[in-house]
1. Could you tell me how many degrees, from 0 to 90 and to the nearest 10, lie between the Cα long axis of helix 109-133 and the main elongation axis, the longest principal axis, of the Cα atoms of the chain?
2. Of the DSSP beta bridges with both residues in the chain, give the percent that are antiparallel, rounding to the nearest 5.
3. How big is the gap, in Å, between the Cα center of the range 75-96 and the Cα center of the range 1-21?
4. Using Cα pairs closer than 8 Å and at least 6 residues apart in sequence, work out the relative contact order for the chain, in percent.
5. Just one of [x] 48, 30, 25; [y] 69, 35, 23; [z] 54, 40, 29 is Cα extents along the principal axes in Å as worked out from the coordinates here. Which one is it?
6. Per residue of the chain, what 222 nm ellipticity follows from adding -39500 (n - 2.57) for every DSSP H run with n ≥ 4, rounded to the nearest 500?
């Protein structure tokens, strides 16, 4: 299956499920801008934010918010949430391309890159929070 078709199919799936992880959590422990310094199209307009509650070193709940994002960022937001919701913090860094591929239903370099970036930023944020709390 072509990458564009794969992304489109996953997007249809999350639309039919009414974007289950989309929205803002009340009182999140962590709010992360889950893209590098620029948005998903290389500008400052398209942004993905993750809202995360952690309890007992496990993701208790997670959601995302897209601002002016294209289809791929909604897919990325849903994938990140599905992959790490209820997961132990230590297991998050062990996620790999096979995990993304299995959830997405095929291989997409673009989605893999975006999900990897979001998870890297999440791990960096956790590390920073630990340093600040010591």
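Read the figures in this text as sums done on the coordinates, not as results from a lab. Keep in mind that what you see is a predicted model, and the values were worked out from it rather than measured.
1. Between the helix axis and the principal axis of the chain, the angle is about 10 degrees.
2. Values: 14 of 15 bridges.
Of all bridge pairs located within the chain, approximately 95 percent are antiparallel.
3. 18 Å
4. Numbers: 194 pairs, mean separation 33.8, N = 134.
That works out to 25 percent.
5. [x]
6. Numbers: 5 runs with 65 residues, N = 134.
Only helices count here, giving -15500 deg cm²/dmol.
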